[in-house]
1. If you take every residue apart from Glu244 with its C-beta less than 12 Å away from the C-beta of Glu244, what net charge results, scoring Lys and Arg +1 and Asp and Glu -1?
2. What is the antiparallel percent of DSSP beta bridges lying wholly in the range 19-119, to the nearest 5?
3. Pick out which of Ile238, Ile32, Ile157 has the largest mean-square fluctuation in a Gaussian network model of the chain, springs linking Cα atoms closer than 10 Å.
4. From Cα pairs below 8 angstrom and at least 6 apart in sequence, can you work out the relative contact order of the chain, rounded to a whole percent?
5. With r defined as the distance between the Cβ atoms of Val240 and Ser27 and R0 fixed at 35 Å, what FRET efficiency is calculated, to the nearest 0.05?
6. Asp115: net charge of surrounding residues, Cβ under 10 Å, Lys/Arg +1, Asp/Glu -1, itself excluded?
7. Note the direction-averaged projected area, equal to a quarter of the hull surface, for the Cα convex hull of the range 207-286, in nm².
8. For the range 7-96, rounded, prolate or oblate, judged on the Cα gyration tensor with a ≥ b ≥ c (square roots of eigenvalues), a/c < 1.5 rounded, else prolate if a/b > b/c?
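Derivation of every value follows stated rules applied to the coordinates shown; laboratory data play no part. None of these values were measured; they are calculated from a predicted model. Heads up, the Cβs are rebuilt from the backbone with ideal geometry, glycines too, and the neighbour counts pull from every protein chain shown.
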Amino acid sequence: MGSAGFMTGWLGDHAGLHWAPGIDQGSTHHVIVGGPERTLAADTTGRALLIERHDQRIEGLEQHLIGTVDQRTYWVVDSSGTFEETWIWSPPRPLIIGATSAEFIPLSAALQWLDFLREHRFCGACGQSMRPSSSDRGRQCVSCSLISYPRVSPSIIILITRGDEMLLARSPRFTNGMYSTLAGFVEAGESAEHACHREIFEEVRVHIHPPKFLGSQSWPFKHSLMLGYRAEWRSGEIQVDGVEIIDAQWFHPDRLPPLPQHASISRGLIDHFLTERGYPLTSHTA
Ligand SMILES: [Zn+2]
C-alpha cells in the first residue's frame, strides 16, 4: 500500500471540511455548554450536548461565537452556575475522543475559548477588567488597551523509526500499558525542528535525521497545537530518564504494545507509518 505522504483516516483528518473560526454563516446553530471545572455538558449517551441556539435552558447566558464548520455554526456558553437534570457534566477528554472529525474542531475550540474567558477576566499588565475587543476576537483591557488572545502552545510530537521499527515510549501518566510517540513543547525562540532534535535527545538520548512534517492537530489539554513529525533514527542507544519517560523501546509492527486512541495525532502518525510500510493496521488500543 502506498501513501500520499499525509495522514488520513484519523480524528484530525479535516480534509474537505470548511472551518471558519469566528464566522457565523451556518444554516443551523448549535451551542456547546461548558460546566464547572472544565467540564462540558453531555447527553445520556456520553456525547457532547450540542443544543439549539434558542433552547430555553441557556436563556440569559452570554453566547460566544466559535465558528462555522461547513453549514453548522457553533457557539459556547459558560453554564457553571446552572444545572439541568438532563445534562451530565463530563470531563472533556472522552467527549473529544468520541467526537466526529467535524465536531472535533468546534469542541476543541469551544473548550479553549472557555479557558480563555475564565483566565483573562483581568489584564495581565495592569490588573483592570477586560472586555471584548472592538477590532477582533481578542479581549482588551479597559485601562491600558492591552489585547489578549486565547493561548496556543505549539508542541512537537514525533514518530522515530529505524527501518520497520518504531520508537515508542511510556510516560508514568499512561495507564493500561500504553506506549506512544514522544512529544514536548516548543520553547520560546526555537523552531519546531530544533524542538524535535532537543526533545528526542533529552528524553531518550538518540539522534535523528531531519524530521519531516506530516500534519497537525489542535489538542485542548490544555491549549496545545500538536505538530506531527516523523524522523529516522541516526545514532545512539535508547536511555530513559525514569521520570518523564519510564520506558522506551523499538517496536516491530508484528509485536506492538497498546497504542493511543485513534483520536490522537500520535495514532495518526503510527497508522500512517504502518500503512506506508505495508503492515496491517492493528486494533490494539489502550
Ligand atoms: Zn491593562
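1. Numbers: positive: Arg170, Arg173; negative: Glu199, Glu202, Glu203, Asp241, Asp247.
Neighbourhood net charge equals -3.
2. Values: 16 of 23 bridges.
If I count the DSSP bridges inside the range 19-119, around 70 percent turn out antiparallel.
3. Among Ile238, Ile32, Ile157, the largest mean-square fluctuation in the Gaussian network model of the chain belongs to Ile238.
4. With pairs under 8 Å counted, the relative contact order is 19 percent.
5. Working: r = 52 Å, r/R0 = 1.48.
Given R0 = 35 Å and the Cβ-Cβ separation, E is 0.10.
6. Details: positive: Arg38, Arg118, Arg151, Lys222; negative: Glu119.
It works out to a net charge of +3.
7. Values: hull surface 25.5 nm².
Spelled out: convex hull of the Cα atoms, projected over all directions, averaged, 6.4 nm².
8. Working: a/c = 2.22, a/b = 1.33, b/c = 1.67.
Oblate.
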